[in-house]
1. Which of the following residues is surrounded by 15 or more Cβ atoms within 10 Å (Cβ to Cβ), under 26 Å from Leu93 (Cβ atoms) and more than 16 Å from ligand 1 (Cβ to nearest atom): Val223, Val239, Val216?
2. Could you grab the pairs with beta carbons closer than 8 Å, sequence gap of 6+ or different chains, first residue in segment 161-176 and modelled with pLDDT of 95 or more, second one surrounded by 15 or more Cβ atoms within 10 Å (Cβ to Cβ) and charged (D, E, K, R)?
3. Would you mention how many residues in segment 249-266 are modelled with pLDDT of 95 or more and either within 20 Å of Ala226 (Cβ to Cβ) or surrounded by fewer than 24 Cβ atoms within 10 Å (Cβ to Cβ) (or both)?
4. Which helices (runs of 4 or more DSSP H) sit wholly inside segment 264-361 and have at least 1 residues that are under 20 Å from the mean Cα position of the chain (by Cα) and hydroxyl-bearing (Ser, Thr, Tyr)?
5. Picking from Gly282, Gly316, which residue would you name as being within 27 Å of Val125 (Cβ to Cβ) and open to solvent by 10 Å² or more (accessible area, probe 1.4 Å)?
6. Gly289 versus (1) within 16 Å of ligand 1 (Cβ to nearest atom); (2) in the same structural domain as Trp79 (by TED's automatic domain parsing): which is the lone unmet condition?
7. Right, Asp67: surrounded by 15 or more Cβ atoms within 10 Å (Cβ to Cβ), of a type in the set (Asp, Glu) and at pLDDT 95 or above or not?
Amino acid sequence: MDYTVCVLPGDGIGPDITDQAVKVLHAVGQKFGHGFTFTEHMIGGGAIDAAGHPLPQETIDACTKADAVLLGAVGGPKWDDVQHKLRPEQGLLGIRKALGLFANLRPAVIYPELAQASYLRPDIVRQGIDLMVLRELTGGIYFGRPQGVRTHEGQRVGINSMVYSEEEIRRIGRMAFEIAGKRRGRLCSVDKANVLDVSRLWREVIAELARDYPQVELSHMYVDNAAMQLVRDPSQFDVIVTGNMFGDILSDEAATITGSIGLLPSASLGQSRPGLFEPVHGSAPDLAGQDAANPLATILSAAMLCTYGLGLETEGRAVEDAVHAVLGRGHRTADLATDRSEIVGCSRMGDLVCDQLLGQG
Ligand code: IPM
Ligand code: MG
């Protein structure tokens, strides 16, 4: 089959890491007989500088036409001034909204080869970490109205609103049950139903859905407790489903306890194609253009692009296996290395994964 992938390198290390993932997708094409066509478009700070907007219309159009979107990272100190009307992050939020990507899948996995990188005690790590945070991505407090800063009775008041309709909860809930059903069959829904009305509705709708999925074991947890349980015993979790802001926070927490955020991919999916695939980490501007970034989270995002974006599960697994094999042989980018002798650059890491995939490793 032939597929078109729209690549949005973005800012900082974005171009370094998407280059490697593109290389790996070419290797996938070669190995499995697919044709990949790549088109490249602007997003984020670079797009503000070049086109006056973090998400130019032609980028939206190109993404809409593609079979999948691969994104590097956006943002950097140059655009960080809060006085700026336009921020790189608006590009990211805008493309999620424009493509209707309501579901964000963020797996947090600890690789046995990298267990010592975890911030947790060895006895906790030994229980294993293999969980998926499913974050609602186009609703909640990020988008709810009213929002803004206004003057009320002589002082400034900032407002954001956490809003979820039952249909928004139902569609992310359904996806959560489906994913849990394909994994270890455990779903934990995270909310703040002891305080927030919107969370009470969230809990009710998720509980109603549970009747359609008897094979999945559902539990509910308050977000503060979930934050605590994630460091106390992450092995208790299989799939966590939660709203936009709770998911933003918990997915960073889940990612960072593994100690190797440079390895963690994500997928954002809507009702139909195209999905968007990006690493969980940011744009690391200090490393940009130095061939020093870790491309593996983006390469693993390309694996998710195959599996979840194009329905190519064998291909996705082959990429993941290749990454495991390369790490198993002791190759590390600087962020993960414990010994200077094992360090390889960004581009070399991409080549190693390609070679492994093509059986020349
Ligand atoms: C993320 C990021 C974004 C978010 C920012 C950059 C807008 O933190 O993808 O988790 O909050 O969604
Ligand atoms: Mg975040």
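1. Val239
2. Hits for this filter: Tyr164/Glu136; Glu168/Glu136; Ile169/Glu136; Ile172/Glu136.
3. 3
4. Where helices (runs of 4 or more DSSP H) fall fully within segment 264-361 and carry at least 1 residues being under 20 Å from the mean Cα position of the chain (by Cα) and hydroxyl-bearing (Ser, Thr, Tyr), they are 296-304.
5. It is Gly282.
6. Gly289 satisfies all of (1) within 16 Å of ligand 1 (Cβ to nearest atom); (2) in the same structural domain as Trp79 (by TED's automatic domain parsing) except (1).
7. For Asp67, the condition - surrounded by 15 or more Cβ atoms within 10 Å (Cβ to Cβ), of a type in the set (Asp, Glu) and at pLDDT 95 or above - is met.
Table: residues versus (1) open to solvent by less than 10 Å² (accessible area, probe 1.4 Å); (2) assigned to a loop (DSSP other than H, G, I, E, B); (3) among the aliphatic types (A, V, I, L, M); (4) in contact with a Leu (Cβ under 8 Å, 6 or more places away or on another chain).
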| residue | (1), (2), (3), (4) |
| --- | --- |
| Gly148 | no, no, no, no |
| Val163 | no, yes, yes, no |
| Met175 | no, no, yes, yes |
| Ala180 | yes, no, yes, yes |
| Val195 | no, yes, yes, no |
| Ser199 | yes, no, no, no |
| Val205 | yes, no, yes, no |
| Glu208 | no, no, no, no |
| Ala227 | no, no, yes, yes |
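The values are calculated or read from the model by the stated rules, or taken from the named source; none is laboratory data. What you see is a predicted model; the values in this text were computed from it and never measured. Please note: Cβ atoms are built from the backbone with ideal geometry, for glycine as well, and neighbour counts cover all protein chains shown. Accessible surface areas use protein heavy atoms only, side chains included; no ligands, DNA or RNA. Shrake-Rupley method; radii C 1.70, N 1.55, O 1.52, S 1.80 Å.
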